[in-house]
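Undergrad: Before I ask anything, let me first share the structure, which is written out below as structure tokens.
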Amino acid sequence: MSTSEMIVKEVIALPESEQRKVYEFAHKLRLQQADKAFDGLLLSEAALAKDWNTPEEDAAWASL
């Protein structure tokens, strides 16, 4: 049985009010994962800025 199947089995056995709490917790975890991925993008922006912020790059993107 997969982890997802085990979670579903346990959640189905809970009362509706407790199922909602599980959903809210899982949703919060997923949003935190998305935020972590976004943080990585922000960190890489600073590292790449030296290559991006050049007159040559500006000229290359000017026609778009």
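The values are calculated or read from the model by the stated rules, or taken from the named source; none is laboratory data. All values derive from a computational prediction rather than experimental measurement. When we count neighbours, we look across all protein chains shown, and the Cβ atoms used for this are built from the backbone with ideal geometry, even at glycine.
Undergrad: Quick test of your reading of the structure: Met6 fulfils all but one of (1) assigned to a helix (DSSP H, G or I); (2) modelled with pLDDT of 90 or more; (3) loosely packed, with under 10 Cβ neighbours inside 10 Å. Name the failing condition by number.
TA: It is condition (3) that Met6 fails.
Undergrad: Between a residue in segment 25-37 that is part of a helix (DSSP H, G or I) and any residue that is at pLDDT 85 or above, which pairs come within a Cβ distance under 9 Å, given they are 6 or more apart or on different chains?
TA: Ala26/Ile7
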